[in-house]
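> Below is the structure I would like to discuss, written out as structure tokens.
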Amino acid sequence: MMSFERLKRRLRYWAQRSDRARLLREEMDAHMALKADDLEENGMSANDARFEARREFGNAARLQEEARGTWIARWMTDLAQDTGYAWRSIRKRPGFALAPVVSSALGIGACSLIFGIASFALLRPLPVNAPSRLLSISVQNKGGQPGGTLSYPDYGDLKQMQSFEGVTAFFPLMPAALAVRGGQPQRYWGSLASANYFDVVQPPFLLGRGFDASKDDKPGEAPVIVLSHHLWRSRFGADRSIVGQTIALNHRKVTVAGVTAAGFRGTEVALIADFWVPLSLRSELTIGGPDGAEFVDRNSQWLFATGRLREGVSTSTATSEIGVIARRLEAAYPASNKDRGFYTVGAGQIHPAVRQGMVLFFALLLAVCALLLLTACANVANLLLARASTRHKEMATRLAIGAGRGRLIRQVLTESVMLAIAGGVLGLLFASIGANSLGRFQLPFLLPVDFTVSLDYRVMVFSMLLSVATGMIFGLAPALESTRRDLVSGLKDARLSVRGRWFSLRNVLVVSQVAICMVLLVCSGLFLRSLGTRESMDLGLKHRNILLAGFDPSANHDAADPTTVLDEALRNAVAIPGVQSAALTTSVPLSLLGVQGTAIAEERLAQKDKEQVGTDIYGVSAGFFDTLGIRMIAGEDFRAGRVQDDVVILNAIAAEKLFPKQSAIGRRIQFDDKRLVKVIGIAATSKSRTVGEDPQAVLYLPILRNFKDTHPLMGVTLMVRTAGSPLSYVQPVTAAIRAADPTLAIFDVRPFAEHLHNALLLPRAAAFLLGLAGLMGLLIASVGIYGVISFTVARQTKEIGIRMALGARRSQVVAMVLQRGLILTAVGTGMGLGMALALSRMVSSMLYGVSPTDPLTFIAVPLILLVIALTACLVPARRAATLDPTGTLRAD
């Protein structure tokens with residue numbers, strides 16, 4: 001192993017190599033001059049003395065190389081020479097270098113972006129002290145699915161573990177209205193956290209401190225808040241005197257205790273927090289169950305948990321201890337903890353509940369990017385093979401004068417690696433643009449989710465390693481080919497004049513490009529067809545000319561009853577000129593997320609093995625069905641104003657599941673093990689959470705009857721059907737809400753059409769990415785076909801001239817050239833169709849309304865590819881047909 005001092009000395013020699021080489025030459029010349037003088041004094045002539053001195057001294061060039069080898073490793077000198085030679089070669093032909101650089105950049109950039117997302121979700125450490133010692137703790141149900149929440153009593157038991165310095169609990173979905181200096185209140189998302197949260201997580205602070213664990217969890221203490229750096233800058237203008245000031249959060253006075261440093265916005269990846277308040281403020285800031293009930297009920301599972309391992313304690317030790325606690329709780333509290341365990345994973349990673357689906361999605365994208373990179377590598381290898389065929393005389397000459405084949409291969413590989421590294425740098429730029437675009441994606445529900453991905457040093461290292469590997473892969477074949485030439489024919493610069501072999505490496509690469517391109521295009525076509533089916537399908541509701549406006553009446557705890565605000569806001573909206581109907585809802589259809597519960601018919605409550613029906617739960621007002629155009633099948637809608645009775649409306653699927661082959665009107669059901677409610681109406685089944693879902697059972701509860709039962713975590717949305725463009729009603733609708741309560745924070749104001757557009761985000765993203773990959777693959781394959789046909793035409797110039805001199809027509813020459821290109825395309829298309837057929841069956845679960853063997857896609861895509869290939873072949877074919885036979889025969 002080379003010592004550090006020796007390495008420094010060699011690097012110093014390297015930096016001064018020019019001066020040292022000059023001094024070495026001068027010293028050698030001085031030695032030979034002295035020797036020549038001695039020989040001349042002994043009677044030799046001056047010329048003979050100089051010749052004999054040089055002969056006795058030896059090969060000066062070789063001795064200089066040996067001397068330089070003592071200064072620095074020979075391989076470094078060779079690498080520097082090869083790099084300089086490669087740079088000069090690239091600089092002479094920048095047009096040639098552009099194609100390999102851009103081709104490799106597309107593939108490397110796509111792979112780097114996917115790796116950046118995976119690094120962000122799985123590898124990025126939290127910006128806290130000793131992040132490797134933080135573990136996220138969630139509940140694992142009997143099916144083995146992790147990611148569930150836990151109850152406050154369970155958290156109390158976990159705090160007793162010896163493997164952890166501390167365990168903290170938090171609820172990361174706390175919306176609140178924040179007003180600053182008399183401005184309009186705005187809605188922000190934060191976390192309710194136990195008072196030891198900052199002691200356990202240990203994030204850095206810019207100002208102030210975190211919670212005081214000795215008192216901030218106790219009711220009656222002066223309420224405090226910790227602000228994120230982002231909120232401090234955006235809402236408080238980076239006021240450094242903010243600590244100790246009192247601000248209004250949901251109209252509740254809280255004192256700012258501190259501001260976290262930049263970068264920390266919670267421990268859940270992509271789920272961000274702008275503030276933190278103690279758990280003791282839950283009943284004052286949110287609408288929950290009876291005061292304090294959620295802190296003693298083990299069935300009330302709503303908390304996330306994170307623990308910090310003690311110094312020297314391993315994750316496996318903590319997992320074993322937490323397993324013992326889970327078994328003890330199951331034995332002590334079977335009603336709430338039966339078949340439930342705990343699951344631990346490093347904090348700051350993607351949540352276990354969605355990890356499997358996200359890994360599947362990223363695996364698909366990574367496979368697509370890998371195919372794209374392989375296509376790019378094949379294309380670049382073809383281009384370098386074409387260039388290698390023009391350098392056979394150079395390589396033969398260098399081999400003839402003694403150059404080693406290994407050295408020549410290294411030199412060619414150095415050039416290809418330099419091209420790939422340039423492509424990697426450009427690919428990083430592409431990946432950065434893609435990462436910034438991800439941050440602008442908006443989900444169809446308003447949650448504190450941030451998809452902005454930062455490309456850190458891991459992504460840069462990955463990109464550079466991938467660039468080097470790519471350069472080695474697509475440069476190896478040209479390097480071997482260019483140094484395998486026959487010396488005699490190479491020195492004579494002999495050119496092949498016979499028809500190229502069908503199974504040459506260049507043809508194999510083109511066929512591979514076409515096959516991979518076919519796979520990408522077929523998958524892209526299937527997803528585009530699926531997206532078109534989703535956008536044109538019957539949703540069971542009408543979405544045109546509807547404006548959505550969100551607000552949260554529960555934010556104002558000074559108000560006597562939130563339903564008073566709801567009722568007045570609804571009446572104000574209905575009175576707006578041009579408004580055809582209006583309604584309130586706690587959840588907008590097609591929001592992906594929502595409240596889910598269970599229901600059971602009254603007569604089945606006494607059954608021993610009673611089976612409950614899973615349902616989506618909506619809190620709505622009168623006019624909801626008219627506004628969305630959902631047909632009422634039987635019964636009646638809710639009455640306008642306050643509803644006095646406990647009533648419910650079912651959709652057709654819920655009615656069929658709860659009362660099979662019976663009338664549901666007038667019957668009673670129990671939902672979420674709560675009170676009994678009477679069915680007064682049956683509505684037609686419409687899409688509830690997603691466009692591609694199977695028909696779901698839905699309960700519609702009267703939002704004005706009991707606001708708490710409708711779980712208004714996301715707030716309430718006022719839906720207004722208008723006579724004209726919804727955007728022209730934004731101001732009067734927001735004014736109608738503020739007339740009911742001027743302190744309300746209004747958010748998420750947009751047309752329903754935009755909401756529907758965002759609801760198709762995932763299928764649209766998949767179709768876009770696959771479509772983009774398919775188009776890039778098509779471009780690369782087209783360039784590859786064009787390149788190989790152009791190369792073939794150039795190598796067969798003499799043959800074509802002879803054919804034309806013997807009477808061949810131009811149309812025959814064009815047909816001969818096109819035949820070769822179309823045969824290669826047809827072979828690649830056939831191989832690609834087979835691979836696409838197998839792959840399409842694997843992604844069939846992600847398609848909707850389209851068969852994985854959709855005939856239109858499997859017929860249209862090959863035809864499109866053949867047309868593009870024909871176009872790519874026409875240019876060299878027409879050039880071949882315009883050759884002058886006389887000039888061609890004289891050229892050699």
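> Test ALA110 against the stated conditions and say whether it is of a type in the set (A, V, I, L, M, F, W, C), at pLDDT 80 or above and surrounded by 19 or more Cβ atoms within 10 Å (Cβ to Cβ).
So ALA110 passes the test.
> Write out, first by first residue and then by second, each pair whose Cβ atoms fall under 8 Å of each other, whose residues are 6+ apart or on separate chains, and whose first residue, in region 586-609, is part of a strand (DSSP E or B) while the second is open to solvent by less than 50 Å² (accessible area, probe 1.4 Å) and among the aromatic types (Phe, Trp, Tyr).
Going by the 8 Å Cβ cut-off, the qualifying pairs are VAL595/TYR618; GLY597/PHE671; THR598/PHE671; ALA599/PHE671; ALA601/PHE659.
> Which pairs do you get when a residue that is over 14 Å from VAL875 (Cα atoms) and without any contact (Cβ under 8 Å) to a residue 60 or more places away in the chain, found in region 796-824, comes within reach of a residue that is open to solvent by less than 20 Å² (accessible area, probe 1.4 Å) and in a loop (DSSP other than H, G, I, E, B), reach meaning Cβ atoms under 9 angstrom, with the pair 6+ apart or on two chains?
Cβ pairs passing all conditions: none.
> Hey, another quick one. Can you pull out every residue in region 737-755 that is crowded, with 19+ Cβ neighbours inside 10 Å and assigned to a helix (DSSP H, G or I)?
Listed by number, the residues that qualify are ILE737, ALA740, PHE752, HIS755.
> So, one more: Name the residue that is modelled with the lowest pLDDT, counting only residues in region 327-367 that are assigned to a loop (DSSP other than H, G, I, E, B) and either farther than 21 Å from SER136 by Cα or hydroxyl-bearing (Ser, Thr, Tyr) (or both).
Among residues in region 327-367 that are assigned to a loop (DSSP other than H, G, I, E, B) and either farther than 21 Å from SER136 by Cα or hydroxyl-bearing (Ser, Thr, Tyr) (or both), the one modelled with the lowest pLDDT is LYS338.
> Look at LEU760 and say whether it is within 30 Å of VAL720 (Cβ to Cβ) and either among the hydrophobic types (A, V, I, L, M, F, W, C) or in contact with a Phe, Trp or Tyr (Cβ under 9 Å, 6 or more places away or on another chain) (or both).
For LEU760, the condition - within 30 Å of VAL720 (Cβ to Cβ) and either among the hydrophobic types (A, V, I, L, M, F, W, C) or in contact with a Phe, Trp or Tyr (Cβ under 9 Å, 6 or more places away or on another chain) (or both) - is met.
One line per residue, one yes/no per condition, for (1) assigned to a loop (DSSP other than H, G, I, E, B); (2) surrounded by fewer than 22 Cβ atoms within 10 Å (Cβ to Cβ); (3) among the hydroxyl-bearing types (Ser, Thr, Tyr):
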residue: HIS757; (1), (2), (3): no, yes, no
residue: LEU769; (1), (2), (3): no, yes, no
residue: MET776; (1), (2), (3): no, yes, no
residue: GLY801; (1), (2), (3): no, no, no
residue: SER811; (1), (2), (3): no, yes, yes
residue: VAL814; (1), (2), (3): no, yes, no
residue: GLY828; (1), (2), (3): no, no, no
residue: MET835; (1), (2), (3): no, yes, no
residue: VAL850; (1), (2), (3): yes, yes, no
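> Of all residues in region 699-750, which are closer than 18 Å to PRO175 by Cβ, at pLDDT below 90 and either polar (S, T, N, Q) or touching a Cys at 6+ places or on another chain (Cβ under 6 Å) (or both)?
THR710, THR743
> Mind checking whether some residue in region 523-543 is part of a loop (DSSP other than H, G, I, E, B), modelled with pLDDT of 85 or more and open to solvent by 20 Å² or more (accessible area, probe 1.4 Å)?
Yes, region 523-543 has at least one match.
> Sticking with this one: Let me confirm something: among ALA805, ALA860, which residue is farther than 30 Å from SER524 by Cβ and surrounded by fewer than 18 Cβ atoms within 10 Å (Cβ to Cβ)?
ALA805
> A follow-up question, please. What are the pairs with Cβ atoms under 6 angstrom where one residue, in region 689-707, is among the basic types (Lys, Arg) and the other, located anywhere, is in a loop (DSSP other than H, G, I, E, B) and open to solvent by less than 50 Å² (accessible area, probe 1.4 Å)? Sequence gap at least six, or different chains.
Partner pairs satisfying both residue conditions: ARG689/GLY594; ARG705/VAL643.
> Let me ask something else about it. Select from region 674-686 the residues that are of a type outside the set (Gly, Ala, Ser), in contact (Cβ under 8 Å) with a residue 40 or more places away in the chain and buried (at least 19 other Cβ atoms within 10 Å of the Cβ) and list them in ascending order.
Within region 674-686, VAL679, ILE680, ILE682, THR685 qualify.
> Of the residues SER728, SER790, which is part of a helix (DSSP H, G or I) and surrounded by fewer than 17 Cβ atoms within 10 Å (Cβ to Cβ)?
SER728
> Quick one: in region 36-65, of everything that is aliphatic (A, V, I, L, M) and either loosely packed, with under 11 Cβ neighbours inside 10 Å or over 60 Å from the mean Cα position of the chain (by Cα) (or both), which residue is modelled with the lowest pLDDT?
Result: ALA61.
> Could you check ASP82 against (1) in contact with a helix residue (DSSP H, G or I) (Cβ under 7 Å, 6 or more places away or on another chain); (2) at pLDDT 75 or above; (3) of a type in the set (Asp, Glu) and say which number it fails?
Unmet condition: (2).
> When the residues of region 136-157 are narrowed to those that are farther than 16 Å from GLY307 by Cα and touching a Gly at 6+ places or on another chain (Cβ under 7 Å), which ends up least open to solvent (accessible area, probe 1.4 Å)?
Only one residue tops the list, namely GLN140.
> Checking the structure you have, find out if any residue of region 119-135 is surrounded by 21 or more Cβ atoms within 10 Å (Cβ to Cβ) and of a type in the set (Ser, Thr, Tyr).
No, there is no match, as no residue in region 119-135 is surrounded by 21 or more Cβ atoms within 10 Å (Cβ to Cβ) and of a type in the set (Ser, Thr, Tyr).
> Shifting gears a bit: Which of the strands (runs of 3 or more DSSP E) found entirely inside region 235-280 contain at least 2 residues meeting this: open to solvent by 30 Å² or more (accessible area, probe 1.4 Å)?
252-260
> Has region 303-313 got any residue that is among the aromatic types (Phe, Trp, Tyr), in contact with a strand residue (DSSP E or B) (Cβ under 9 Å, 6 or more places away or on another chain) and within 27 Å of LEU192 (Cβ to Cβ)?
Yes: region 303-313 contains one or more residues that are among the aromatic types (Phe, Trp, Tyr), in contact with a strand residue (DSSP E or B) (Cβ under 9 Å, 6 or more places away or on another chain) and within 27 Å of LEU192 (Cβ to Cβ).
> Considering only residues that are of a type in the set (Phe, Trp, Tyr) and touching an Asp or Glu at 6+ places or on another chain (Cβ under 7 Å), which ones fall in region 155-208?
TYR188, TRP189, listed by residue number.
> Those residues that are modelled with pLDDT under 75, of a type in the set (Gly, Ala, Ser) and open to solvent by 40 Å² or more (accessible area, probe 1.4 Å), I need them from region 368-403; list them, please.
Once the filter is applied, which keeps residues that are modelled with pLDDT under 75, of a type in the set (Gly, Ala, Ser) and open to solvent by 40 Å² or more (accessible area, probe 1.4 Å), region 368-403 yields ALA400, GLY402.
> OK, next. Among (1) assigned to a helix (DSSP H, G or I); (2) modelled with pLDDT of 90 or more, where does LYS678 come up short?
Of everything listed in (1) assigned to a helix (DSSP H, G or I); (2) modelled with pLDDT of 90 or more, LYS678 misses just condition (1).
> If I filter region 634-650 for residues that are open to solvent by 60 Å² or more (accessible area, probe 1.4 Å) and in a strand (DSSP E or B), do I get at least one hit?
No, because not a single residue in region 634-650 is open to solvent by 60 Å² or more (accessible area, probe 1.4 Å) and in a strand (DSSP E or B).
> Counting just the residues of region 147-186 that are aromatic (Phe, Trp, Tyr) and in a strand (DSSP E or B), which one comes out farthest from GLN202 (Cα to Cα)?
Residue satisfying both the conditions and the ranking: PHE171.
> If ALA723 passes every condition in (1) open to solvent by 20 Å² or more (accessible area, probe 1.4 Å); (2) more than 20 Å from PHE625 (Cα to Cα) but one, which one does it miss?
For ALA723, the exception is condition (2).
> If you check every pair at least six apart or on different chains, which have Cβ atoms under 7 Å apart with a residue in region 157-174 that is free of Cβ contacts under 8 Å to residues at least 40 places away in the same chain first and a residue that is assigned to a strand (DSSP E or B) second?
Short answer, once both residue conditions are applied: LYS159/VAL167.
> Taking only pairs six or more apart or across chains, which ones have beta-carbon atoms under 6 Å, a first residue in region 332-345 that is within 16 Å of THR149 (Cα to Cα) and touching a residue at least 24 places away in the same chain (Cβ under 8 Å), and a second residue that is open to solvent by less than 70 Å² (accessible area, probe 1.4 Å) and part of a loop (DSSP other than H, G, I, E, B)?
Matching pairs, first to second residue: SER336/ARG298; TYR343/PRO146.
> Under 9 Å between Cβ atoms, at least 6 apart or on separate chains: pull out the pairs that start in region 199-217 with a residue that is farther than 16 Å from ARG240 by Cα and without any contact (Cβ under 8 Å) to a residue 24 or more places away in the chain and end on any residue that is of a type in the set (A, V, I, L, M) and surrounded by fewer than 16 Cβ atoms within 10 Å (Cβ to Cβ).
So the pair list comes out as LYS215/ALA222.
The values are calculated or read from the model by the stated rules, or taken from the named source; none is laboratory data. No experiment lies behind these values; they were computed from the predicted model shown. A quick note on method: Cβ atoms are made from the backbone with ideal geometry, for glycine too, and the neighbour counts reach across all protein chains shown. Heads up: the accessible areas ignore ligands, DNA and RNA and are worked out on the full protein's heavy atoms, side chains in. Shrake-Rupley method; radii C 1.70, N 1.55, O 1.52, S 1.80 Å.
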